[in-house]
1. Taking the options Glu76, Glu96, name whichever one is open to solvent by 90 Å² or more (accessible area, probe 1.4 Å) and either in contact with a His (Cβ under 7 Å, 6 or more places away or on another chain) or more than 30 Å from Ile167 (Cβ to Cβ) (or both).
2. Which numbered condition in (1) in a loop (DSSP other than H, G, I, E, B); (2) over 26 Å from Asp413 (Cβ atoms); (3) open to solvent by 10 Å² or more (accessible area, probe 1.4 Å) is the only one that Thr314 fails?
3. Scan region 270-308 residue by residue and report those that are of a type in the set (Phe, Trp, Tyr), without any contact (Cβ under 8 Å) to a residue 40 or more places away in the chain and open to solvent by 50 Å² or more (accessible area, probe 1.4 Å).
4. How many of the residues in region 397-431 are in contact with a Pro (Cβ under 9 Å, 6 or more places away or on another chain) and among the hydroxyl-bearing types (Ser, Thr, Tyr)?
5. What's the total number of residues in region 188-202 that are outside any strand (DSSP E or B) and closer than 27 Å to Val434 by Cα?
6. Which residues, taken from region 126-181, are open to solvent by less than 100 Å² (accessible area, probe 1.4 Å), among the β-branched types (Val, Ile, Thr) and farther than 20 Å from His97 by Cβ?
7. With Leu163, Leu139 as the choices, which residue is assigned to a loop (DSSP other than H, G, I, E, B) and in the same structural domain as Glu96 (by the TED database)?
8. Can you name every residue in region 249-266 that is β-branched (Val, Ile, Thr) and within 14 Å of Pro177 (Cα to Cα)?
Amino acid sequence: AEAETRLLLQEAQESIEAAQSYRRELEQRLRGLQQARKQIRESATLTRDVLVQHFNDLKGTLKKLLDERLISLLQEVDAIEQESIKPLDECQKLIEHGVSTADDLLREGESAVHGDVGQQNEKLCSFTKKALHIQLDSLPEVPSLVDVPCLSAQLDDCLLTILKNQIFRHGTVASRPPVQLEEFVEKPGGILVRWCKVDDDFVPQDYRLQYRKSTASHFEDVYVGSETEFIVLHIDPNVDYQFRVCARGDGRQEWSPWSVPQMGCTTLVPHEWTPGLEGYSLSSRRNIALRNDSQSSGVLYSKAPTYFCGQTLTIETVGQPDRRDSLGVCVEQQNGYDSLQRDKAVCISTNGAVFVNGKEMTNQLPAVTSGSTVTFDMEVVQLGPSSNEGGNFKLRVTISSNNREVVFDWVLDQCCVSLYFGCSFSYPGWKVLVF
């Protein structure tokens with residue numbers, strides 16, 4: 001009976017735990033539904049505001065353009081009117097002057113005809129001479145109505161049809177953006193952001209990625225191009241950043257709607273070189289090292305063992321090669337060496353030779369030239385229960401350079417998943433960026 005009771009209690013407890021788990025799952029799904037509903041309503045409200053603002057701006061701009069065109073046409077009417085009226089005004093003045101002269105001449109003639117008989121001959125003689133001088137047979141020419149401008153306005157009604165067709169096709173409402181953020185991968189001091197196209201009918205030409213700190217109010221561009229992933233550097237560890245992406249269709253100028261913003265974060269501190277080594281100058285963020293003109297030699301190490309198995313360590317380089325140059329990772333910092341071609345280190349020389357624990361491999365990579373990128377990938381190879389207790393510890397290493405790679409197993413005498421990286425160069429001018 002006691003055993004049966006314990007079994008029933010155990011089954012009851014399991015049922016309670018299953019019910020609790022079920023309830024938590026339902027609550028989580030309820031929160032998901034609430035977030036989905038919130039996103040729909042907020043995006044709908046924002047879309048309404050954008051549409052209203054856009055069309056209000058269009059109406060204001062269209063009214064301004066129409067007003068400007070009306071003013072231009074009215075000014076044109078004024079100019080034609082003034083230019084056409086001016087010669088008519090001059091002709092009118094000439095005619096009015098002639099009428100006044102004729103009136104004066106008539107009065108003088110009537111006075112001469114009806115005047116005193118004693119002075120009549122003298123007045124008639126003076127009047128006759130004056131009449132001949134005025135040239136009463138010369139009249140100013142007045143243009144006919146067909147020869148003067150008759151202003152009118154030509155207004156093509158097809159403009160309304162064109163505008164109507166354009167307006168009815170202007171703007172679209174999309175239920176979802178054509179691209180969405182897909183994945184965030186933590187990088188030391190950065191985040192690898194990947195996105196994908198979710199609209200099969202959309203043909204992208206370029207993508208545009210933006211980000212901002214969760215406390216910031218404005219997004220800023222961080223990438224524009226045709227790739228579907230980008231490493232955003234200079235990210236503060238353990239700080240939330242918000243990302244969004246949009247796309248531009250093939251042959252189009254406007255950008256698509258933004259994707260749903262998503263939060264990304266990295267817990268990995270950025271890679272930094274150790275300051276103070278005489279032969280190297282560092283950038284302000286200490287992720288770029290420059291081999292200077294100093295005669296001092298030695299290996300420049302990372303400030304801390306920030307390379308972890310499973311990460312990709314990328315080193316971009318430029319400079320004049322030498323067979324003792326080295327780029328690679330090591331278990332620990334060891335002073336007194338001028339190269340990583342030593343025990344407990346793997347590296348590539350700038351001539352393409354690969355060294356494992358100081359021994360050169362048969363396989364060789366292309367020479368490291370100006371602008372080359374060298375990438376290190378490592379993963380732990382399990383050797384059994386004793387591998388983490390001082391036995392042989394094996395890392396599978398992949399080194400890539402100039403589209404070629406070598407893969408080998410690096411055997412160590414101790415467990416080590418956190419490594420230093422380092423470099424050494426004989427000649428000045430080498431510039432090394434790690435991320």
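1. Glu96
2. The one condition Thr314 does not meet is (1).
3. First, the residues of region 270-308 that are of a type in the set (Phe, Trp, Tyr): 273, 280, 301, 307-308.
The next check asks that each one be without any contact (Cβ under 8 Å) to a residue 40 or more places away in the chain; those that pass are 280.
Matches in region 270-308: none.
4. Adding up the residues that qualify gives 5.
5. Of the residues in region 188-202, the ones outside any strand (DSSP E or B) are 188-189, 198-202.
Now drop any that are not closer than 27 Å to Val434 by Cα, which leaves 188-189.
Residues flagged as outside any strand (DSSP E or B) and closer than 27 Å to Val434 by Cα within region 188-202 amount to 2.
6. Thr128, Val148, Thr161, Ile162, Ile167, Val179
7. Details: Leu163 fails: assigned to a loop (DSSP other than H, G, I, E, B).
Only one candidate passes the filter, namely Leu139.
8. At the first step, the residues of region 249-266 found to be β-branched (Val, Ile, Thr) are 260, 266.
Answer for region 249-266, where residues must be β-branched (Val, Ile, Thr) and within 14 Å of Pro177 (Cα to Cα): just Val260.
The values are calculated or read from the model by the stated rules, or taken from the named source; none is laboratory data. Values in this document were obtained by computation on a predicted structure and should not be read as measured data. Please note: Cβ atoms are built from the backbone with ideal geometry, for glycine as well, and neighbour counts cover all protein chains shown. Remember, those area values only see protein heavy atoms, side chains included, never the ligands or the DNA or RNA. Shrake-Rupley method; radii C 1.70, N 1.55, O 1.52, S 1.80 Å.
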